[in-house]
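The values are calculated or read from the model by the stated rules, or taken from the named source; none is laboratory data. Bear in mind the structure is a predicted one, so any value in this text is a computation, not a measurement. Heads up, the Cβs are rebuilt from the backbone with ideal geometry, glycines too, and the neighbour counts pull from every protein chain shown. Note: accessible area is taken over every heavy atom of the protein model, side chains too, but ligands, DNA and RNA are not part of it. Shrake-Rupley method; radii C 1.70, N 1.55, O 1.52, S 1.80 Å.
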Amino acid sequence: MISYQRCSDLSKSAEMTYRNMRPYYEYHSVDWDQAKILEQIADLDNWDILYEGEVIGALRLAFDGHECYLRDLQVSEEFQSKGIGTEAI
């Protein structure tokens with residue numbers, strides 16, 4: 001079972017996003033690095049996804065008036081394909 005907490009370490013969260021997205025960035029020649037990711041996520045509502053108390057993912061939300069948008073969902077590679085992303089949504 002997963003749980004959530006407000007992001008406790010935004011730099012670590014950005015690092016996970018970079019690790020997960022790096023193949024995409026390289027394939028599409030996107031010039032992003034961890035610092036740029038950190039800059040982009042700083043103003044979002046950032047949540048850690050926890051499994052048995054360990055941070056294994058990130059959920060990022062943006063709000064516009066009365067609407068909420070899922071801006072990003074990341075799950076650490078070793079926890080992917082286990083239904084965690086689906087449960088998080």
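Annotations
- With respect to (1) open to solvent by 100 Å² or more (accessible area, probe 1.4 Å); (2) closer than 17 Å to GLU15 by Cα; (3) hydroxyl-bearing (Ser, Thr, Tyr), the lone exception for SER76 is condition (1).
- Residues in segment 52-63 that are within 15 Å of SER8 (Cα to Cα) and outside any loop (DSSP other than H, G, I, E, B): GLU54, VAL55, ILE56, GLY57, ALA58, LEU59, ARG60.
- Between ASP72, ASP43, the distinction of being of a type outside the set (Lys, Arg) and assigned to a strand (DSSP E or B) belongs to ASP72 only.
- Residue selected from segment 25-40 under the condition assigned to a helix (DSSP H, G or I) and farther than 13 Å from ASP72 by Cβ, by the criterion least open to solvent (accessible area, probe 1.4 Å): TYR25
- For segment 50-73, filtering for residues that are open to solvent by 70 Å² or more (accessible area, probe 1.4 Å) and either touching a Gly at 6+ places or on another chain (Cβ under 7 Å) or among the aliphatic types (A, V, I, L, M) (or both) leaves 1.
- For segment 42-58, filtered to residues that are in contact with a strand residue (DSSP E or B) (Cβ under 7 Å, 6 or more places away or on another chain) and of a type in the set (A, V, I, L, M), the residue that is nearest to THR17 (Cα to Cα) is ALA58.
- Cβ separations smaller than 6 Å between residues 6+ apart or across chains give the following pairs from segment 2-25 residues that are within 19 Å of ILE89 (Cβ to Cβ) to residues that are modelled with pLDDT under 90: THR17/ILE37.
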